[in-house]
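This report refers to the structure that appears directly beneath it.
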Amino acid sequence: MTPEELDIAFENAVESINNHKEPFPADVLLRLYAYYKRATGDDDRPSGSNPLISAFKINALFQTPEMNAEEAKRKYIETVNHYFLYRK
C-alpha cells in the first residue's frame, strides 16, 4: 500500500467510526484513540472533565510509545475492520 493509499484508507476508517451511531466497547475506543493520536502526531494530553477517562486515555497512549504514524494508521484500520467484521 502506498503512503497515499494508506492515508485514504485511514481517513475512510476514521469516517466510518465517526458515522457509526451505536456505542463502542471501551477497549476498542481506547485503542482507536491511541492509534489516532499516534497517526496524526497529536501530542496534546487528554482533556475532559472526567479524570478517570483521561487516565485511561493516557494509559492507552503509554501502550503505544514507539509506534510511528504509518504503523498507527495500519493498526487503526485493522482495528476498525476487525470491529465491523466481528460485531455482527
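The values are calculated or read from the model by the stated rules, or taken from the named source; none is laboratory data. Since the model is a prediction, treat every value here as computed from it, not as a measurement. So basically every Cβ, Gly included, is an ideal-geometry build from the backbone, and we count neighbours across all protein chains shown.
Confirm whether Val14 is surrounded by 17 or more Cβ atoms within 10 Å (Cβ to Cβ), under 11 Å from the mean Cα position of the chain (by Cα) and within 16 Å of Thr79 (Cα to Cα). Break it down stepwise before answering.
Working: surrounded by 17 or more Cβ atoms within 10 Å (Cβ to Cβ): yes; under 11 Å from the mean Cα position of the chain (by Cα): yes; within 16 Å of Thr79 (Cα to Cα): yes.
Yes, satisfied.
Starting from residues that are closer than 20 Å to Asn12 by Cβ and in contact with a Phe, Trp or Tyr (Cβ under 7 Å, 6 or more places away or on another chain), keep the ones in region 40-88 and report whichever is surrounded by the fewest Cβ atoms within 10 Å (Cβ to Cβ).
Thr79
Kindly establish whether Ile77 is in contact (Cβ under 8 Å) with a residue 60 or more places away in the chain and among the hydrophobic types (A, V, I, L, M, F, W, C).
Details: in contact (Cβ under 8 Å) with a residue 60 or more places away in the chain: yes; among the hydrophobic types (A, V, I, L, M, F, W, C): yes.
So Ile77 passes the test.
If we keep just the residues of region 51-88 that are modelled with pLDDT of 95 or more and of a type in the set (D, E, K, R), which is farthest from Asp27 (Cα to Cα)?
Glu70
For region 1-58, which residues satisfy the criterion of being in a helix (DSSP H, G or I), touching a residue at least 24 places away in the same chain (Cβ under 8 Å) and over 20 Å from Tyr83 (Cβ atoms)?
Of everything in region 1-58, those that are in a helix (DSSP H, G or I), touching a residue at least 24 places away in the same chain (Cβ under 8 Å) and over 20 Å from Tyr83 (Cβ atoms) turn out to be Pro3, Asp7.
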